[in-house]
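Comments concern the structure below.
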Amino acid sequence: MTDRVRRVSEAAPRIAVVGGGQLARMMAPPAVMLGIPLRLLAEGEGVSAAQVVPDQLVGDYRDLATLRRATDGCEVVTFDHEHVPTEHLHALEEDGVAVRPGPDALVHAQDKVVMRERMTALGAPQPRHATVASAEDVTEFGLPCVLKVSRGGYDGKGVWVVRDPADVEEPLRVAQERGVRLLAEELVAFRRELSALVARAPSGQAATYPVVATTQLDGICHEVIAPAPDLDPGLAGEAQELALRIAGELGVTGILAVELFETSDGRILINELAMRPHNTGHWSQDGAVTSQFENHLRAVLDLPLGSPEPRVPWTVMVNVLGGPDPDVGRLYDGYPHALARDPRLRVHLYGKDLRPGRKVGHVNAYGEDLDEVLERARHAAAWFRGDLGNESE
């Protein structure tokens, strides 16, 4: 009986997940549902995903020996973030571990210069851009512009809008200190930002989610509307086809998010790529037949993908960020009002300490009327942030 129980419990392949943030945390529920064991390489004790994934190792993802311990006995390794050194991922592949997405694909999400060069080779629509190494280079490129470090930037970090030659000093210094290249991009006059999300399996099967509209606040994704309202169907199809082509050309396995600018003259331009579950896909947890997290797990195991179709006409995701006062109270204290006011509301909290501007959760609201859904989601997120005080209705 013991042997039989062991054979059953070990029948599913084990997936190693590098990174202990909220993305890894939100992989856990679909993994439990599918009966897929996860092993976590967490950056610290008690981080977000470590609270829900019992099989875990705390260590530095930049250390190859640690990565090998974390992936020992695992058939597949995937990621909560994109910062694992490329050479380490090649070493894991040589060890026989399936790295998904693989290092040759992931480098395009790790290095913005590499991404721009490859998108240019593919003839994909992009803003004007150039690698710069001096203030003179930036001036020659043209001001105003956006400067980005090629590696290590996220959520607005490592990104500067420069309008004056004096603004160039800090980006150049940061790039030099980090030993990375500096990318200049035109400051696009866009109508709004969009995101095209696809899941792709090694077999080539792919699933395309509806194109969504996103709003950024201080460089952080603040709000997502699925699908993007008033988006021309032809442009939506173009964005989905572009995401599918990029996923195929780069050999992406798992979720790919293509962040886009929609210009006032009806074009789309690639902003950035992400090869992991993405903030702009969180709406799918409650608004789609199959969430991005489940489809990511299915994809990295080369299982048939689930339907990305919306369950309802509209879903709105609003992030909950830590407010200016870290002592405002527990996020849990927001439940009585928020859940009583809106029984259909879905709340996802990440188990993180409150810090100003930190992503600590998100809310999803869904329904038939967009204005109503927007109001419900915005009210709930504001309540959890403490923006509405303690007044009741």
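The values are calculated or read from the model by the stated rules, or taken from the named source; none is laboratory data. Keep in mind the model is a prediction, meaning the values are calculated, not measured. Please note: Cβ atoms are built from the backbone with ideal geometry, for glycine as well, and neighbour counts cover all protein chains shown.
The figures follow:
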item	result
Inter-residue pairs, beta-carbon under 9 Å, first in the same structural domain as residue 218 (by TED's automatic domain parsing) and closer than 19 Å to residue 282 by Cα and in segment 338-357, second of a type in the set (Asp, Glu) and crowded, with 19+ Cβ neighbours inside 10 Å, 6+ apart	346/286; 348/286
Test: residue 137 is surrounded by 17 or more Cβ atoms within 10 Å (Cβ to Cβ) and either modelled with pLDDT of 95 or more or farther than 18 Å from residue 112 by Cβ (or both)	no
Test: residue in segment 113-132 that is in contact (Cβ under 8 Å) with a residue 24 or more places away in the chain, touching a Gly at 6+ places or on another chain (Cβ under 9 Å) and within 13 Å of residue 148 (Cα to Cα)	no
Any chance residue 339 is over 21 Å from residue 196 (Cα atoms) and within 23 Å of the chain's Cα centre (by Cα)	no
Selection count where residues are charged (D, E, K, R), surrounded by 15 or more Cβ atoms within 10 Å (Cβ to Cβ) and modelled with pLDDT under 95, scope segment 140-183	4
Selection from segment 226-256 of residues that are of a type in the set (Asp, Glu), in a helix (DSSP H, G or I) and free of Cβ contacts under 8 Å to residues at least 60 places away in the same chain	238, 241
Every residue from segment 184-198 that is surrounded by fewer than 18 Cβ atoms within 10 Å (Cβ to Cβ), outside any loop (DSSP other than H, G, I, E, B) and without any contact (Cβ under 8 Å) to a residue 60 or more places away in the chain	186
Pick from segment 56-79, criterion in contact (Cβ under 8 Å) with a residue 40 or more places away in the chain and in a loop (DSSP other than H, G, I, E, B), ranking: farthest from residue 94 (Cα to Cα)	61
Scan of segment 240-257 for residues that are surrounded by fewer than 23 Cβ atoms within 10 Å (Cβ to Cβ) and of a type in the set (A, V, I, L, M), ordered by number	242, 244
Qualifying positions in segment 112-123 - touching an Asp or Glu at 6+ places or on another chain (Cβ under 9 Å) and either crowded, with 16+ Cβ neighbours inside 10 Å or modelled with pLDDT under 95 (or both)	112, 115, 116, 118
Among residues of segment 116-147, those that are part of a helix (DSSP H, G or I), within 25 Å of the chain's Cα centre (by Cα) and not hydrophobic (A, V, I, L, M, F, W, C), counted	4
Qualifying helices (runs of 4 or more DSSP H) (wholly inside segment 279-393; at least 1 residues being surrounded by fewer than 22 Cβ atoms within 10 Å (Cβ to Cβ) and of a type in the set (D, E, K, R))	284-287, 335-341, 370-385
Test: residue in segment 23-35 that is in a loop (DSSP other than H, G, I, E, B), within 21 Å of residue 275 (Cβ to Cβ) and not assigned by TED's automatic domain parsing to the domain that holds residue 297	no
The lone exception for residue 201 - which of (1) in the same structural domain as residue 241 (by TED's automatic domain parsing); (2) free of Cβ contacts under 8 Å to residues at least 60 places away in the same chain it fails	(2)
Filter pass, residue 276 being among the basic types (Lys, Arg) and in a helix (DSSP H, G or I)	no
Selected residue (only one of 229, 233, 210 is touching a Pro at 6+ places or on another chain (Cβ under 8 Å) and farther than 23 Å from residue 114 by Cα)	210
Residue tally, condition small (Gly, Ala, Ser), at pLDDT 95 or above, touching a helix residue (DSSP H, G or I) at 6+ places or on another chain (Cβ under 7 Å) and more than 15 Å from residue 101 (Cβ to Cβ), over segment 259-300	3
